[in-house]
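The values are calculated or read from the model by the stated rules, or taken from the named source; none is laboratory data. These numbers were taken from a predicted model, which means no experiment stands behind them. Glycine gets a Cβ as well: all are built from the backbone with ideal geometry, and neighbour counts include every protein chain shown. Accessible surface areas use protein heavy atoms only, side chains included; no ligands, DNA or RNA. Shrake-Rupley method; radii C 1.70, N 1.55, O 1.52, S 1.80 Å.
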Amino acid sequence: MPGVGRATYDEVMVPVYRPPAVIPVRGEGSRIWDQEGRDYVDFAAGTAVNALGHAHPALIGALTDQAGRLWHLSNVLANEPALRLARRLTQLTFADRAFFANSGAEANEAAFKLARRWGHTKFGPRKHTIVAFLDGFHGRTLFTVSVGGQRRYREHFDPLPGGIRHVPFNDPAALEAVMDDSVCAVVMEPIQGEAGVIPATPEFAREVRRLCDRHDALLIYDEIQTGNGRTGTLFAYEQHGIVPDVLTTAKGLGGGFPIGAMLTSGKFAEALSSGTHGTTFGGNPLACAVAGAVLDEICTERVLGNVKARGAQLWAGLTRLAQTYGLFEPPRGMGLLIGVPLRDPWRGKAREVADAALGEGLWVLVGGPDALRFAPALNIPAVDVETGLDRLERTCRSLSA
Ligand SMILES: *Cc1c(COP(=O)(O)O)cnc(C)c1O
């Protein structure tokens, strides 16, 4: 009998989460097992984090190898895994500079601070406005939650940082109306993940780019969730046919080890000159060694091809279930980031539906109260997608009964 269980949670944890009774203790690939030995198909991947599933041998190898060498230096001294990772990320993207953090929120914090400082130093203090999109999500620090477009996440935390404007997503006219020369940055998710998996249209992305150019504003792509192969290319911007000025990523980058990154070009990076920003743990050798191994795996046709093939398989299965049971609408998304909006009477009850799926041995995410979200490992095998869909069908059947 384990010494801790779900009841312990309510005794010792700050109650910001409400996890179900299940406590997983082990994982392998796209399966996890709980304290009772029950297995679950993992369509959540720890919120798009376990990009290569659980217990991937190459990641265990990279972590244990680095663990025997050097754990931590702080940024007082440079370290090889961080330099190698920065070299790799700049080779693979538009960027030529990297800043490492420990989470998505911190990567965005760095991006917003860079935008503000770039605006101040290049144009003067008036150029400080950050434009963001309604329903967008950028993290839970006070700055990132203020930039985020979900009011409920910042309620009762005021006074909040100012100089932020919110406009509807995928609405070029609304964006154009708030753009002026005080804007230092526009931040957008290529797919609004937490909002229920709502993709930006490529035309909208191009319009955002055009308006940023016209007003000398930085375009910040928040690819914390969509990055690292999730949409079928290393980053989603590649499929929009535009290039951002700043890109933030985290989640899948470490495959389960906490790391975030902000990527940009040298001419913007210089706004964060020596001493203007920092973090003790950012660029930690363990995190960077693992992330390097994650990128080696992801940047292969084997994995990126699997994202497309399994994405199509999951999409087809969800389309069929939507038609058969009417519990949710047909899917939306890209690659292996897919959402389905729930229909009445399940609208607003995504948590209940996800809990019911867990009861059938399937771990899925919610995307707000109105949608289910699927973000399995990029290397999930076809058989696990099939088994997961079977378990989702059982869930649909029992909830429709
Ligand atoms: C998860 C997420 C964040 C926040 O990342 P944390 O690691 O939780 O701080 C920010 N932006 C997007 C788009 C995300 O999906």
Pairs returned, first residue in segment 210-233 that is closer than 13 Å to residue 263 by Cα and more than 16 Å from the ligand (Cβ to nearest atom), second residue that is in a helix (DSSP H, G or I) and of a type outside the set (A, V, I, L, M, F, W, C), beta-carbon separation under 9 angstrom, 6 or more apart or interchain, are 218/119
Counted residues in segment 80-111 being away from the ligand (no atom under 16 Å from the Cβ) and of a type in the set (A, V, I, L, M) come to 8
Yes or no: segment 117-125 includes at least one residue that is among the hydrophobic types (A, V, I, L, M, F, W, C), open to solvent by less than 60 Å² (accessible area, probe 1.4 Å) and closer than 25 Å to residue 238 by Cβ.
yes
Filtering segment 137-152 down to residues that are more than 11 Å from the ligand (Cβ to nearest atom), over 11 Å from residue 164 (Cβ atoms) and among the polar types (S, T, N, Q) yields 150
Among 330, 369, the single one that is within 23 Å of residue 153 (Cβ to Cβ) and without any contact (Cβ under 8 Å) to a residue 60 or more places away in the chain is 369
The residue from 252, 282 that alone is crowded, with 19+ Cβ neighbours inside 10 Å, in contact (Cβ under 8 Å) with a residue 60 or more places away in the chain and in a loop (DSSP other than H, G, I, E, B) is 282
Residue 189 at negative phi, open to solvent by less than 10 Å² (accessible area, probe 1.4 Å), within 12 Å of the ligand (Cβ to nearest atom) and modelled with pLDDT of 95 or more:
no
Within segment 1-19, of all residues that are of a type outside the set (S, T, N, Q) and open to solvent by less than 50 Å² (accessible area, probe 1.4 Å), the one nearest to residue 393 (Cα to Cα) is 19
Filtering strands (runs of 3 or more DSSP E) wholly in segment 70-177 for at least 3 residues that are of a type in the set (A, V, I, L, M) gives 129-133
Pairs returned, first residue in segment 184-196 that is in a strand (DSSP E or B), second residue that is near the ligand (Cβ under 8 Å from one of its atoms) and among the small types (Gly, Ala, Ser), beta-carbon separation under 8 angstrom, 6 or more apart or interchain, are 187/136; 188/136; 192/136
Note on segment 295-312: residues open to solvent by less than 40 Å² (accessible area, probe 1.4 Å) and in contact (Cβ under 8 Å) with a residue 12 or more places away in the chain are 295, 297, 298, 303, 304, 306, 307, 311
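Quick one: would you say residue 51 is open to solvent by less than 40 Å² (accessible area, probe 1.4 Å), of a type in the set (Gly, Ala, Ser), more than 22 Å from residue 299 (Cα to Cα) and within 16 Å of the ligand (Cβ to nearest atom)?
Against the criterion (open to solvent by less than 40 Å² (accessible area, probe 1.4 Å), of a type in the set (Gly, Ala, Ser), more than 22 Å from residue 299 (Cα to Cα) and within 16 Å of the ligand (Cβ to nearest atom)), residue 51 does not qualify.
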Checking 257, 235 in turn, the sole residue that is crowded, with 18+ Cβ neighbours inside 10 Å, part of a loop (DSSP other than H, G, I, E, B) and in contact with an Asp or Glu (Cβ under 7 Å, 6 or more places away or on another chain) turns out to be 235
Just one listed residue, out of 337, 321, 362, 358, is more than 20 Å from the chain's Cα centre (by Cα) and over 28 Å from residue 35 (Cβ atoms), and it is 321
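Taking segment 311-368 on its own, how many of its residues are assigned to a loop (DSSP other than H, G, I, E, B) and either under 16 Å from residue 385 (Cα atoms) or of a type in the set (Val, Ile, Thr) (or both)? Steps first, answer last, please.
As a first pass, look at segment 311-368 and keep what is assigned to a loop (DSSP other than H, G, I, E, B): 326-327, 329-331, 335-336, 343-349, 360-361, 364, 367-368.
Filter again for either under 16 Å from residue 385 (Cα atoms) or of a type in the set (Val, Ile, Thr) (or both), leaving 331, 335-336, 360-361, 364.
The total comes to 6.
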Residue 157 being aromatic (Phe, Trp, Tyr), open to solvent by 10 Å² or more (accessible area, probe 1.4 Å) and in contact with a strand residue (DSSP E or B) (Cβ under 9 Å, 6 or more places away or on another chain):
no
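Can you confirm whether residue 246 is under 16 Å from residue 132 (Cα atoms), within 12 Å of the ligand (Cβ to nearest atom) and open to solvent by less than 10 Å² (accessible area, probe 1.4 Å)?
Here the answer is no, as residue 246 does not meet what is asked.
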